[in-house]
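S.K.: One structure coming up, written as structure tokens, with questions to follow.
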Amino acid sequence: GRKNYFGYDYITARLNTSWKKNFTYGRMEARIKLPVGGQGIWPAFWMLGQNYEWVGWPMCGELDILEAINDLSLVYGTIHYGTAHHNGGAHYPGVNLSDDYHIYAVEWDTYEIRWYFDNVNYHTDWGTWWTPAADYPAPFNAPFFFILNLAIGGDWPGYPDGSTPFPQTMYIDYVRAYEWRQ
């Protein structure tokens, strides 16, 4: 992420597998070294329902494997769907996430999603939240694609201030998907 770059206030990067490779169920993980952080910094490793273009967000479903904001002291794992319904958990790893690489993962099956930080489970969502029998038939039994990005600013983290260091870099060692055959 850079400030005042080619006439833009901020510029960042985003990678995704939309229309290239989708996944339904399995273990999804990435080994990532987060940026140094600061006010308005928002790195993420997440998935979005492939039907996004037809039904929009949040009806397509969103599965956040990793989100962190500002000082990056907490990592968040969340699902979103329906009329912005969300459920998730947060984990305080107790280490500086920009000093080294860490593994961020979910294990996703028909009735459960489990979030991991360095292979330690810190949150689990059970299918009663998002199965078709729930209040809204959530889409977590359909194909999703990966997104990796470093956002700057937004409603959740706020916007950078004079104390936010630039440039910011998010390093990605690998992304792996282990599909489970149903």
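S.K.: Kindly indicate the residue of segment 1-53 that is among the charged types (D, E, K, R) and over 18 Å from the mean Cα position of the chain (by Cα) and also farthest from residue 167 (Cα to Cα) among those meeting that condition.
M.R.: Restricting attention to segment 1-53, the residues satisfying the condition of being among the charged types (D, E, K, R) are 2-3, 9, 14, 20-21, 27, 29, 31, 33, 53.
Still in the running and over 18 Å from the mean Cα position of the chain (by Cα): 2-3, 9, 20, 53.
Working: 2: 5, 3: 7, 9: 12, 20: 30, 53: 32 Å.
Once the filter is applied, the top-ranked residue is 53.
S.K.: Given the options 3, 33, name the one that is at pLDDT below 95, closer than 23 Å to residue 157 by Cα and in contact with an Asp or Glu (Cβ under 8 Å, 6 or more places away or on another chain). So that I can check it myself, show each step before the final result.
M.R.: Working: 33 fails: at pLDDT below 95.
One residue alone meets the criteria, 3.
S.K.: Within segment 154-182, which residues are over 15 Å from the mean Cα position of the chain (by Cα) and crowded, with 18+ Cβ neighbours inside 10 Å?
M.R.: Within segment 154-182, 160, 164, 168 meet the criteria.
S.K.: Scan segment 50-78 residue by residue and report those that are surrounded by fewer than 24 Cβ atoms within 10 Å (Cβ to Cβ), in contact with a Phe, Trp or Tyr (Cβ under 7 Å, 6 or more places away or on another chain) and either free of Cβ contacts under 8 Å to residues at least 12 places away in the same chain or under 14 Å from residue 145 (Cα atoms) (or both).
M.R.: Scanning segment 50-78 gives 50, 60, 62, 64.
The values are calculated or read from the model by the stated rules, or taken from the named source; none is laboratory data. This structure is a prediction, so every number in the text was calculated from the model and none was measured. Please note: Cβ atoms are built from the backbone with ideal geometry, for glycine as well, and neighbour counts cover all protein chains shown.
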